[in-house]
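Below: the structure, in structure tokens.
What follows draws every value from the coordinates through simple rules; no lab data is involved. On a predicted model such as this, the values are computed, not experimentally measured, just so you know. A quick note on method: Cβ atoms are made from the backbone with ideal geometry, for glycine too, and the neighbour counts reach across all protein chains shown.
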Amino acid sequence: MKQDHLFTNKPIIDGQDVETSDTFSAVSPSTGRAFETVYRSGKAEIDAAVASSQKAFESWSRRPVKDREKFLLKLLNIVREMNEPLAELIAREQGKPIAEARAVDIVPAADTLRYLSRKTEELLRPRPVEYEQILFAHKTGSFRFDPLGVIAVVTPWNYPFGIPFVEVAACLAAGNTVVLKPASATALTGIAIGDMCRWAGLPPGVVNVVTPTGADVNHLIEHPAIAKILFTGSVETGMHVMQRAARNLTGVVLELGGKDPAIICEDADLERTATGVVWGAFVNAGQSCGAIERVYVLSKVAKKFTELVVQRTQEIRVGDPLNESTDLGPMTTAGQRLVVEEQVKDAIEKGAKVLCGGRRPKAKGYWYPPTVLSDVDHTMRCMTEETFGPLLPIQVVESLDEAIALANDSEYGLTASGWTRSKRIAQRLAEELQAGTVTINDHLFSFGEPTATWGGIKKSGIGRSHSVYGLMELVNVKHVSVDLGDSPSMPWWYPYNESFHEFTKRAFGALYATDPKEKLAEALGLVGSGRFFGYVKVSDIATKLGKMF
């Protein structure tokens, strides 16, 4: 198979292509056929990549933040220049339509690069802290945000460019170096990220890309030189990653998917809502951890809403992902399509009705039509287990209370959406829905917003990506205290003699008594104690007396 795109098909270690003895095939989900050979990494390549990143960290972490911002801007320009071949590669290797590849993979990466190239210095600037304890009034405190080291970024196939690039960019902005492990099903797109980092002039070793599988991935996760692991994938694999990482107490950020609900209220704009829900359910063939995977619609509007959803779904143009007019391409893997088929079968056996779709076409490749189910409930797998495919089950409910209760009746908590025109209802949904992100009258878009966090609760994961909170996952939040006073000792140091006991008793009363007279008496006693003068500057404390009252 001949390499016929602009990017390498080999692991990238220390700035160089590495040709290994093992290979695997890149398969087009449109045809089910291999279209290129990819070189497989093993333990030796992982060790070399980690060592390269360790070495590069020594200098990269010391670069001024402004310098790192300049590299991110260079990367943005490379993404801009290469967006067309990138979109084509994503469509070919992962299966989403080429226009969608631009919109949901490349644009979020570009927005993140633009944001971090402008804002990283501000976001990571040391922050002063004013001590609450007045006896520390002479000290100055601050928080620094120092890079951690080598970050292992392990990413899935559903957003093969957007997810890893957003995470790699944040790692670089924070001053870390990266070993990226893309999903095997979309390894070429992941390797392309490494290529683009080279083209942007990043020093060798700052970003390495490896392509291991099976037990060799464990070798990366368990590597003692890895400072943190960013993993996106299934709950089962995420638990496995967490267990492996615990062997070295390596920190983890886990984004593990969802079973995201949408609540359709009686006052919703049904035309707009149906259009938004259909997109939220079927974008990327439903292979999004934040996709709408269950709908709860109030009975008063259920018939009209369901009719509109079916109409919109039947209008989706399924076809070649390289065709500009295609709305929905194939699923990425045969195994994931089987999950969808099993959930549909289970639902039908338990009384659900197929309103459209529901049958695998005879075409080659991993195709499955956008499918809408009605008459569903929580006894069915399609309402409780993650689907990760083009399936939209709709359950009718009698009240908003019931809708919220059912939406929260899940082991997942990534995103949720409510569809209403009422500010009061929107506020209630925002407060009561159990999720990392709640959106009103839209869904899933927030992954593309660099200032919005991404992550969930329950089994949807641990930690956050995106925004300043995502950056905080990638730094050591270091507290720094400076005391340049000239006192010979602090009053709480040894020896614990009579004057020490007098000091602590008086200080406790002065600080924590609630009666003003008692507080004043204790304060005067504190000032007169032998441990006060010569140890504590009265002038410094005088400026903070308000904290005592």
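With only the Cα atoms considered, the stretch 274-338 has a convex hull volume of 102 Å³ per residue.
So for each of 400-412, 227-239, 169-181 I average, over its residues, the number of other beta carbons within 10 Å; can you give me the resulting order with the highest mean first? Let's see the in-between values first.
Working: 400-412: 18.6, 227-239: 20.2, 169-181: 27.2.
Ranked by mean Cβ neighbours within 10 Å, highest first: 169-181, 227-239, 400-412.
Within the shell defined by Cβ-Cβ distances under 15 Å, the residues around ILE98 carry a net charge of -4, with Lys and Arg each +1 and Asp and Glu each -1. Our analysis of the stretch 260-449 gives Rg over Rh at 0.95, with the two radii drawn from alpha carbon positions and Rh computed by the Kirkwood formula. Note on the stretch 72-198: percent of Cα-Cα distances in each 5 Å bin, starting at 0 and stopping at the bin with the largest distance, equals 2, 11, 19, 19, 16, 10, 7, 5, 4, 4, 3, 2, 1, 0. Where only DSSP H runs of four or more residues are counted, the chain gives -12000 deg cm²/dmol as its mean residue ellipticity at 222 nm, each run worth -39500 (n - 2.57). Straight-line cross-link partners of LYS478 among the lysines, defined as a Cα under 24 Å from its Cα and at least 8 positions apart when in the same chain: LYS55, LYS66, LYS119, LYS139, LYS228.
Straight Cα distances below 20 angstrom link LYS303 to the lysines LYS353, with same-chain residues fewer than 8 positions distant left out. Computed about its Cα centre, the charge dipole of the chain is approximately 680 debye, with only Lys, Arg, Asp and Glu carrying charge at their Cβ.
Apply the a/c threshold of 1.5 to the C-alpha gyration tensor of the stretch 340-418 and tell me whether it is rounded, prolate or oblate. Prolate, since a/c reaches 1.5 and a/b exceeds b/c. As a proxy for reagent exposure, ARG381, ARG424 were ordered by neighbouring Cβ count within 10 angstrom, fewest first; the result is ARG424, ARG381.
Judged by the ratio a/c of the largest to the smallest principal axis of the C-alpha gyration tensor, the chain counts as oblate, that ratio being 1.5 or greater while a/b is no larger than b/c.
Grab the other residues whose beta carbon is less than 12 angstrom from that of SER529, score K and R as +1, D and E as -1, and report the net.
Working: positive: LYS505, ARG506, ARG531; negative: GLU498, GLU502, GLU522.
After counting each charged neighbour, the total is 0.
Relative to the longest principal axis of the Cα atoms of the chain, the long axis of helix 270-282 makes an angle of roughly 90 degrees. Report, to the nearest 10°, how far helix 299-314 tilts away from the longest principal axis of the Cα atoms in the chain, using its own Cα long axis and a range of 0 to 90°. Between the helix axis and the principal axis of the chain, the angle is about 60 degrees. Beta bridges per DSSP, both residues in the chain: antiparallel share near 40 percent.
Which of the peptides 82-92, 24-34, 147-157 is most tightly packed, and how do the rest follow, going by the mean number of other Cβ atoms within 10 Å of each residue?
On the way: 82-92: 20.5, 24-34: 17.7, 147-157: 24.4.
Answer by packing, highest mean first, reads 147-157, 82-92, 24-34.
Counting beta carbons within 10 Å around each of HIS378, HIS138, HIS466 and listing the fewest first gives the order HIS378, HIS138, HIS466.
Taking other Cβ within 10 Å of each residue's Cβ, how do VAL475, VAL297 sort, fewest first? Write out the running numbers ahead of the final one.
Numbers: VAL475 20, VAL297 28.
Fewest to most other Cβ atoms nearby, the residues stand as VAL475, VAL297.
Rounded if a/c is under 1.5, else prolate if a/b is larger than b/c, else oblate: which is the stretch 1-131, with a ≥ b ≥ c the root eigenvalues of its Cα gyration tensor? Oblate, because a/c is 1.5 or more while a/b does not exceed b/c.
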